[in-house]
Amino acid sequence: MMSRQEEVKKMMKQGGIADFTDLDFVQTDLTKEEGWSQAMTGVDSVIHVASPTPLQRPDADDLMVIMAVDGVKFVMRAAKEAGVKRVVLTSAYG
């Protein structure tokens with residue numbers, strides 16, 4: 001996802017955002033709770049655009065759902081603890 005920063009900025013421009021001075025992209029591990037507090041340091045807003053996608057799909061379909069839900073929980077918990085004012089969560093269904 002980090003390789004798609006320009007694509008994200010282009011979409012944001014189409015939505016009316018012109019100033020990216022305070023925009024930072026951060027990559028952490030959605031399957032682990034560690035690292036999220038540090039990622040939220042000094043953050044006012046979060047756009048959460050990813051979901052865990054392991055190289056090998058788990059045998060049980062519900063494990064993919066559990067991984068996705070846990071990832072959202074890690075982001076939301078860290079955002080709340082850091083006093084983040086706004087979280088935007090995107091989703092895709094494929």
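Every read-out reported here was derived from the displayed coordinates using simple, explicitly stated rules and does not represent laboratory data. These figures come from a predicted structure and were not determined experimentally. Here Cβ is always computed from backbone atoms with ideal geometry, including for glycine, and neighbour counts include all displayed protein chains.
Would you mind pulling out the separation of the Cα centroids of the stretch 14-32 and the stretch 36-94, in Å?
Between the Cα centres of the stretch 14-32 and the stretch 36-94 lies a distance of 14 Å.
Nearest 20 debye, what's the magnitude of the dipole of the stretch 50-94 about its Cα centre given +1 on Lys and Arg Cβ and -1 on Asp and Glu Cβ? List each step's numbers first, then the result.
Numbers: 6 positive and 5 negative charges, 81 e Å.
So the dipole magnitude of the stretch 50-94 works out to roughly 400 debye.
For the chain, set up a GNM with springs between Cα atoms under 10 Å and report which of K13, K32, K80 has the largest fluctuation.
Result: K13 has the largest fluctuation of those listed.
At 222 nm, what value in deg cm²/dmol follows for the chain if DSSP H runs of at least 4 each add -39500 (n - 2.57) and the sum is divided by all its residues, to the nearest 500?
Numbers: 3 runs with 36 residues, N = 94.
-12000 deg cm²/dmol, from helical runs alone.
With each label point set 7 Å from Cα along the Cα-Cβ vector, what nm distance links Q56 and Q27?
Going from the Q56 label point to the Q27 one covers 2.3 nm.
By the gyration tensor of its Cα atoms, with a ≥ b ≥ c the square roots of the eigenvalues, what is the shape of the chain: rounded for a/c under 1.5, prolate for a/b over b/c, or oblate?
Oblate.
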